[in-house]
Amino acid sequence: MAQLKASLRPATAPPPEPIPVTLTVNGVERTLHLAPWTTLLDALRLHLDLTGTKKGCDHGQCGACTVLVDGRRINSCLTLAAMQDGRKVTTIEGLTTGDALHPLQEAFIEHDAFQCGYCTPGQICSAAGLIAEGKASTDDEIRELMSGNLCRCGAYPNIVAAIRQAMAAVATKAEGAP
Amino acid sequence: MRSFTYARADSAADAVGRAGASGTAFVAGGTNLLDLMKADVVHPERLVDISRLPLDRIEDTAEGGLRLGALARNADTAYDERVQTRYPMLSKAILAGASAQLRNMATNGGNLLQRTRCYYFYDTATPCNKREPGSGCGAIGGVNRIHAILGASDQCIAVHPSDLCVALAALEAVVQVTGPEGERSIPFAEFHRLPGDRPEIDTVLRPGDLITAIDLPAKGFAEHSTYLKIRDRASYAFALVSVAAGLEMDGGTVRDARLALGGVAHKPWRDPEAEAALIGKPATPDQFRGAARVLLRDAKGHEHNSFKIELAERAIVRALTEAAERKGAPRP
Ligand SMILES: Cc1cc2nc3c(=O)[nH]c(=O)nc-3n(C[C@H](O)[C@H](O)[C@H](O)COP(=O)(O)OP(=O)(O)OC[C@H]3O[C@@H](n4cnc5c(N)ncnc54)[C@H](O)[C@@H]3O)c2cc1C
Ligand code: SF4
Ligand code: FES
Ligand code: FES
């Protein structure tokens with residue numbers, strides 16, 4: 001265990017005043033009053049009951065907690081909710097349009113791109129960010145730019161196939177758009 | 001995490017003012033600081049959020065170089081068109097680091113100040129002079145596969161884990177700082193320090209100092225440069241050894257050279273003598289090996305990391321060979 005020094009504040013010190021944090025989560029504005037050390041991940045899971053976003057490592061090493069903030073993919077475990085005040089957060093729960101699945105969700109089902117499913121919400125949010133960034137076109141580039149999402153079940157080949165398909169679907173849709 | 005208070009700085013001066021109180025830390029991307037706070041390695045009482053300060057731009061300088069805002073994200077820096085075309089080795093180095101998500105969060109200033117990934121530094125149950133001065137070093141005589149082969153001391157053999165910094169060292173960047181005593185410019189070679197008998201101090205920054213920007217000189221070695229990173233898996237892992245190499249070629253002859261190593265020391269490792277050994281010489285593997293040997297002449301391995309010496313030599317030869325061959329400024 002940690003060598004606790006007398007000079008350290010005990011973990012049980014009275015918490016500072018909660019901080020008001022306003023987030024637009026999946027299109028709905030929510031104001032929370034949070035302890036300063038609440039990560040965005042914990043705010044989503046524990047305070048907003050959005051448990052689709054997973055906690056794998058809690059240290060930026062696995063990608064299970066990936067969400068989109070103002071359209072960019074980040075690890076929600078390594079940012080404080082207070083640091084994201086005023087921003088738009090999209091989680092796996094927010095990717096569907098009404099009852100229609102997101103092309104990535106459809107492609108993951110079609111390609112059997114998961115086994116236990118624990119990494120999947122992070123994979124899909126990360127892939128949505130990847131497509132928006134527009135830096136990947138080959139399978140190798142998809143693999144490299146998805147390397148922040150680990151899959152203990154090793155569904156990688158099918159994940160790449162699913163992303164490739166969704167990428168094409170999104171591109172076709174964009175071309176067909178008026 | 002231990003309890004702390006949180007406040008947002010509304011200007012650089014406000015940030016510096018707030019940082020005067022001891023136990024205060026800036027948070028930018030949070031990707032290193034929050035990780036260390038969760039592991040109880042550091043425990044600031046006050047966090048000052050600087051992430052929204054308007055220091056996130058990338059701008060041309062009057063001298064023909066580029067000023068990278070301290071709060072520009074690593075991803076935005078790597079994908080900036082001017083960085084890609086004028087400083088491709090820098091873009092390549094950044095994209096070799098961490099993951100896409102982390103690069104979207106991590107800032108340039110924060111990257112310079114990230115702490116070592118030494119296992120003992122992270123494990124509060126073990127001794128570590130960097131975390132707890134005077135407690136001893138777990139890595140010396142312990143597991144030291146990822147540790148330093150150059151510039152270490154008998155107090156600490158940790159390495160600086162950054163990729164970005166290796167390229168900045170090769171490019172001779174300048175760190176712009178504002179602090180309680182005003183503004184100053186720190187040449188990159190002087191920014192990070194060796195552990196000596198004060199391994200708890202990583203850089204020459206003083207309490208309250210805020211990095212505002214990183215300036216790149218005009219010379220970017222765009223035509224002949226590369227960043228080579230050797231690691232335990234193909235992506236999303238820290239460097240065992242990395243090389244930033246930049247050459248200026250005159251036919252088959254080297255006119256100017258820059259060479260910096262990552263993953264081998266407490267700071268990016270450069271040595272003007274190694275570069276001098278290349279200048280005016282033909283760009284051949286033998287010459288490159290000779291320069292590598294100069295750069296590595298004081299290298300010393302520990303029980304598990306002696307392999308890094310030969311690995312570094314080979315990586316240098318490969319990187320210089322690639323740099324010499326490379327034409328134009330390909331996208332990374
Ligand atoms: C899983 C994982 C893998 C990684 N792999 C790599 C890798 O391969 N290569 C690599 O280079 N990096 C890697 N990183 C490290 C990552 O690049 C750094 O954590 C990041 O660059 C730190 O930037 P930040 O803005 O998040 O800093 P923060 O965590 O916000 O801050 C870090 C430190 O810098 C201080 N600080 C920040 N900005 C300023 C400023 N402007 N002025 C003064 N002080 C400041 C803070 O007080 C703090 O002490 C990895 C990180 C993780 C979690
Ligand atoms: S090498 Fe440095 S950081 Fe690692 S245990 Fe020793 S003193 Fe600590
Ligand atoms: S839970 Fe955030 S990266 Fe693993
Ligand atoms: S599907 Fe099980 S971890 Fe990826």
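The values are calculated or read from the model by the stated rules, or taken from the named source; none is laboratory data. Not measured: the values here are computed from a predicted model. In this analysis, Cβ positions are derived from the backbone assuming ideal geometry, glycine residues included, and neighbour counts consider all displayed protein chains. Just so you know, the surface numbers come from the protein's heavy atoms only, side chains and all, with ligands and any DNA or RNA stripped out. Shrake-Rupley method; radii C 1.70, N 1.55, O 1.52, S 1.80 Å.
Can you list the HN-Hα couplings for the range B:60-72, worked out from phi with the Karplus curve (6.51, -1.76, 1.60; θ = phi - 60°), rounded to whole Hz and with x for Gly and Pro?
5, 9, 4, 7, x, x, 9, 9, 9, x, 4, 9, 5
How high is the relative contact order of the range B:149-203, in percent, counting Cα pairs under 8 Å that sit 6 or more residues apart?
38 percent
Determine the calculated [θ] at 222 nm for chain B from helices alone, applying -39500 (n - 2.57) to every DSSP H run no shorter than 4 residues and normalising by the residue count; nearest 500 deg cm²/dmol.
Details: 13 runs with 95 residues, N = 332.
Helix-only estimate at 222 nm: -7500 deg cm²/dmol.
Which whole-Hz ³J(HN,Hα) couplings does the range B:16-23 yield from phi under the Karplus relation 6.51 cos²θ - 1.76 cosθ + 1.60, θ = phi - 60°, glycine and proline marked x?
Result, rounded to whole Hz: 4, x, 5, 6, x, 5, 5, x.
In peptide B:34-42, what is the residue-averaged number of other protein chain Cβ atoms found within 10 Å of each Cβ? Kindly include the intermediate steps, with their values, before the conclusion.
Details: counts 11, 8, 1, 1, 7, 2, 4, 1, 0.
For peptide B:34-42, the averaged partner shielding equals 4.
To the nearest 100 Å², how much accessible surface do chains A and B cover up together, summed over both, with a 1.4 Å probe?
So the buried area, both faces added, is about 3600 Å².
Of all beta bridges DSSP finds with both residues in the protein assembly as shown, what is the antiparallel percent, to the nearest 5?
85 percent
Provide the per residue accessible area, probe 1.4 Å, for the protein assembly as shown, rounded to a whole number of square angstrom. Could the numbers behind the result be given before it?
Values: 21420 Å² over 510 residues.
For the protein assembly as shown, the per-residue accessible area is 42 Å².
Under 12 Å from the Cβ of residue B:200, count the other residues' Cβ atoms, weight Lys and Arg +1, Asp and Glu -1, and hand me the total.
+2
Ignoring everything except DSSP H segments at least 4 long, calculate the 222 nm mean residue ellipticity for chain A; use -39,500 (n - 2.57) per segment, divide by total residues, nearest 500.
Value at 222 nm, helices only, nearest 500: -9000 deg cm²/dmol.
Step through the table entries A:88/B:130; A:135/B:130; A:55/B:308; B:92/B:267, compare each Cα-Cα distance with 29 Å, and write down the pairs that go over it. Walk me through the intermediate numbers first.
Values: A:88/B:130 39 Å; A:135/B:130 39 Å; A:55/B:308 35 Å; B:92/B:267 19 Å.
As for pairs spanning more than 29 Å Cα to Cα, those are A:88/B:130; A:135/B:130; A:55/B:308.
What residues have an amide H closer than 5 Å to that of residue B:8, excluding those fewer than 5 places away on the same chain, when H is modeled at 1.01 Å from N in the peptide plane?
B:49
Hand me the chymotrypsin sites (Phe, Trp or Tyr not before Pro) from the range A:79-178 located in a DSSP loop with no more than 10 other Cβ atoms within 10 Å, in residue order please.
For chymotrypsin sites (Phe, Trp or Tyr not before Pro) across the range A:79-178 that sit outside H, G, I, E and B with at most 10 neighbouring Cβ atoms in 10 Å, the list is empty.
Once you've got the GNM for chain A with C-alpha springs shorter than 10 Å, pick whichever of A:122, A:63, A:52 has the biggest mean-square fluctuation.
So, out of A:122, A:63, A:52, the one fluctuating most is A:52.
Please identify, among B:102, B:168, B:278, the residue showing maximal mean-square fluctuation in a Gaussian network model of chain B using a 10 angstrom Cα cutoff.
B:102
Express as a percent, rounded to the nearest 5, the fraction of DSSP beta bridges in the range B:1-125 (both residues included) that run antiparallel. The partial results should precede the final answer.
Details: 4 of 12 bridges.
Taking every DSSP beta bridge within the range B:1-125, about 35 percent pair in antiparallel fashion.
Anyone know which of B:308, B:267, B:300 comes out most mobile in the 10 Å Cα GNM of chain B?
With Cα springs under 10 Å in chain B, the top fluctuation among B:308, B:267, B:300 is at B:300.
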